[in-house]
């Protein structure tokens, strides 16, 4: 009854007891979740509170989180500068925000954290404190990385010819555009080699599609070996049509490489022998070189195609070369 004596109706006592009980309930709720609640006093930049769950997640006891310096120090070095600068600037501006970063565990590992921050102001509108929650998003990040990896693999597959393993037309078109722009800027020539398997239809008809696929794989391997520099691109356009894109290559260099392709295919000694065909599989090569200017880049493709058909007309198994 002593508490009742302070006020005849006991209202004040009831309110105090209710407030204490409610605070206890709220704290119990906060500390029972996986999210980690925290509060920072803005004028001193000291932690006023951080949930005990932090010890389970990172290994650091709540008592060890004294100031924002502890928060910053327990962050991956690659994330620290950006995240700290971003969070400080947003807090100074009084803007609620969130940030993802890797937090250091006491045993030296890292856990992906999402910090969701709410800015609290006093009656004068000044920033008084920051309150927020830390969430463990490691599993989500792993899922995101796996999705990115699968996407990269899918993109790579979309740019690779499924039969030969060299570039496909899509990748060739992309690289041709890039190298055309580079030739325009540098003034250095760009060479394009078009390679056609001689009488491939007869080969397929005689030996079957499986042998035909094996033949195309062998041609692709020859072109891959010829594309020795990082920017060279060997690609299959479809059927028995192949190309070799050679940046910074003049006509003389391109002719040498084209003859090398013909000789390398001949060295495979793939039997042909169909009616009207030679004893072994061979290829014909058309080459065009050009310094990119105001012309359409397809002018280089058309010129190489013309050189290819000119070489075919003159007897196959040889190089036709010209300047676009």
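Values in this text are rule-based calculations from the coordinates and carry no lab data. A quick note: this is a predicted structure, and the numbers were derived from the prediction, not measured. Virtual Cβ from ideal backbone geometry, glycine too; neighbours counted across all protein chains shown.
Things worth noting here:
- Sorted largest first, extent of the stretch 159-323 alpha carbons per principal axis (Å): 48, 33, 23
- For the chain, the Kirkwood estimate of hydrodynamic radius, built from reciprocal distances between every pair of different alpha carbons, is 26.0 Å.
- Within a Gaussian network of the chain (alpha carbon springs, distance under 10 Å), most fluctuating of 205, 115, 161: 205
- Within the stretch 228-308, all pairs of alpha-carbon atoms sorted by distance into 5 Å bins from zero give the percentages 3, 12, 20, 25, 18, 11, 6, 3, 1, 0.
- Sorting 146-159, 243-256 by their mean Cβ neighbour count within 10 Å, with the most densely packed peptide first, gives 243-256, 146-159.
- Sorted by Cβ density within 10 Å, fewest first, the residues 272, 97: 97, 272
- Along each principal axis, Cα extent of the stretch 33-142, largest first, Å: 43, 26, 24
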